[in-house]
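**Q** Below you will find the structure I want to go over with you.
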Amino acid sequence: MRLFAWSDLHVDYPANLRTLEQLSCADFRDDALLIAGDVSSDANRLMRALEGLKNRFAEVAFVPGNHDLWVSPQTRESSLEKLHALRAACRVCEIKVDPFRIRLTEQTVDVVPLLSWYLKPEEGDGSLYLPKPGEDASLAMWADNRRIKWPHFEPAETPADHLLNLNHLDPYDDSECVVTFSHFLPRVELAFNDWERFIRGEYAGTKDPHPEFNFTRVAGCRQLDERARRLGSRVHVYGHQHRNRDRFIDGVRYVSHCLGYPAERTTFDSGMSSEQPIEIKLNVGLESPV
Ligand SMILES: [Fe+2]
């Protein structure tokens, strides 16, 4: 068995659906695939896509992204109800939404899906927010503002708190290797092509197609990283930003491998092709990936 990862499949785009349908039915039969969210806002289409992947892989694991939890403004269903309904449907189809153990060629791996959400800067400690000159603090262009509908949470409880607390995880004491995955970013450094350049201020003046949009407002939360590290994660897979990464930070490897939107595929800043899932090799040395 090999371990693969992919995210942001966005099969509402016919080109993306074709990419999934063209995936080999023979090459991955003994392998496991982690899907780090954003498959489709349409629950039926989402489940068909996951079932199509389950026909190709021995194991498919899924954690929902923000697009997966979009609800119609007309429906009474909340995004939280949709989350639970999707997880129940996945369990029926034997798509993993809970922690599970696999045996790879050289070792046993505990795979842990981590439910999460982003923390906006006004929601408290743990937001990945960094200020950006000229940004729109109201996030008017962010569709989640119109398509995500949370129920009433406890006072002072954020959507991120609520979803993180659904994970019910204890650290492993008998694991050879832990791999975690989430849709959202666990660290702000990952939002930038070159974090060192960013903190030196060298991005100032470079062309920004959306100067009013500050992604770090909705990128993720630091509590995700804390949970992954508490579990002893060696590799954390994530998605959401549609930027492919493979980086080591403080002893943990972070991998993002997004199919993304069709128009983005020619502009990804990493040379990794995203038309196929990426194999996560666990014996890679700390210095090897870029
Ligand atoms: Fe997303």
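**Q** Would you check if residue 264 is farther than 21 Å from residue 125 by Cα and within 16 Å of the ligand (Cβ to nearest atom)?
**A** So residue 264 passes the test.
**Q** Among the residues of the stretch 150-159, is any within 25 Å of residue 227 (Cβ to Cβ) and of a type in the set (Gly, Ala, Ser)?
**A** Yes - at least one qualifying residue is present in the stretch 150-159.
**Q** Quick one: count up the residues across the stretch 162-214 that are loosely packed, with under 15 Cβ neighbours inside 10 Å, within 29 Å of residue 141 (Cβ to Cβ) and in contact with a helix residue (DSSP H, G or I) (Cβ under 8 Å, 6 or more places away or on another chain).
**A** 1
**Q** Based on what the data block shows, is residue 234 within 13 Å of the chain's Cα centre (by Cα), among the basic types (Lys, Arg) and modelled with pLDDT of 95 or more?
**A** no
**Q** Let me ask something else about it. When residue 105 is evaluated against the numbered criteria (1) over 30 Å from residue 58 (Cα atoms); (2) hydroxyl-bearing (Ser, Thr, Tyr); (3) out of contact with any Lys or Arg (no Cβ under 7 Å at 6 or more places or on another chain), which criterion, by number, is the only one it fails?
**A** (1)
**Q** Would you mind finding the one in 243, 146, 247, 227 that is within 16 Å of the ligand (Cβ to nearest atom) and in contact with a helix residue (DSSP H, G or I) (Cβ under 9 Å, 6 or more places away or on another chain)?
**A** Just one listed residue meets the conditions, 243.
**Q** Can you tell me how many residues within the stretch 50-75 are closer than 21 Å to residue 100 by Cα and in contact (Cβ under 8 Å) with a residue 40 or more places away in the chain?
**A** Residues in the stretch 50-75 being closer than 21 Å to residue 100 by Cα and in contact (Cβ under 8 Å) with a residue 40 or more places away in the chain: 11 in total.
Here's the yes/no breakdown for (1) at pLDDT below 90; (2) in contact with a strand residue (DSSP E or B) (Cβ under 9 Å, 6 or more places away or on another chain):
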{"residue": "144", "(1), (2)": "no, no"}
{"residue": "153", "(1), (2)": "no, no"}
{"residue": "163", "(1), (2)": "no, no"}
{"residue": "194", "(1), (2)": "yes, no"}
{"residue": "217", "(1), (2)": "no, yes"}
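**Q** Regarding the stretch 120-131, can at least one residue be identified that is hydrophobic (A, V, I, L, M, F, W, C), more than 16 Å from the ligand (Cβ to nearest atom) and touching a helix residue (DSSP H, G or I) at 6+ places or on another chain (Cβ under 7 Å)?
**A** For the stretch 120-131, residues hydrophobic (A, V, I, L, M, F, W, C), more than 16 Å from the ligand (Cβ to nearest atom) and touching a helix residue (DSSP H, G or I) at 6+ places or on another chain (Cβ under 7 Å): present.
The values are calculated or read from the model by the stated rules, or taken from the named source; none is laboratory data. These numbers come from a predicted model, not from an experiment. Cβ atoms come from the backbone with ideal geometry, glycine included; neighbour counts cover every protein chain shown.
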